[in-house]
Amino acid sequence: MAETLFSKIIKREIPADIIYEDDDALAFRDINAQAPVHFLVIPKKPIAKLSDASAEDQALLGHLLLVANKVATQEGLTDFRLNVNNGAGASQTVFHLHIHVLGGRPFSWPPG
Ligand code: 5GP
């Protein structure tokens, strides 16, 4: 997989407001927040997008959801939205799998 901004954040080659890290995952605040709380949860393993994940990533994908919930709770959120953009046609711009976690304001449905 080509190196992305997010692998540079993992390696501390570019700065980010990192709010959680463990052996397999990292969470940091989105530079262009779309809500009072907006952070991204990424695997350290470089998976370009969700559709590139495979059965061997099952535990990792579950872990990312648990991290999203843990960090959302740390951020004081009870209601929050998770979003994964898969592919350019779904507005993915950084090709390193990430879960957006947004909270602190009401959300409508369906999303735009
Ligand atoms: P996507 O559109 O791929 O689902 O989301 C990529 C997200 O990464 C966007 O919300 C964008 O604001 C965020 N982003 C892009 N570059 C950087 C960066 O250098 N630092 C941080 N913290 N977020 C970034």
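For segment 56-112, taking the residues that are assigned to a strand (DSSP E or B) and of a type in the set (Val, Ile, Thr), the one that is surrounded by the most Cβ atoms within 10 Å (Cβ to Cβ) is identified as Val101.
Within segment 2-15, the residues that satisfy the criterion of being surrounded by 13 or more Cβ atoms within 10 Å (Cβ to Cβ) and of a type in the set (A, V, I, L, M, F, W, C) are Leu5, Phe6, Ile9, Ile10. Tallying residues that are farther than 14 Å from Leu102 by Cα and in a strand (DSSP E or B) within segment 20-54 yields 6. Residues in segment 7-21 that are more than 8 Å from the ligand (Cβ to nearest atom) and under 14 Å from the mean Cα position of the chain (by Cα): Ser7, Ile10, Ile18, Ile19, Tyr20, Glu21.
Go through segment 60-112 and give me each residue that's among the acidic types (Asp, Glu) and more than 16 Å from the ligand (Cβ to nearest atom). Let's see the steps before the verdict.
Filtering segment 60-112 down to residues among the acidic types (Asp, Glu) leaves 75, 79.
Scanning segment 60-112 gives a single hit, Asp79.
Only the coordinates and a few stated rules stand behind these numbers; no lab work does. Note that this is a predicted model, so its numbers are computed, not measured. Cβ coordinates were reconstructed from backbone atoms using ideal geometry, including for glycine residues, and neighbour counts include every protein chain displayed.
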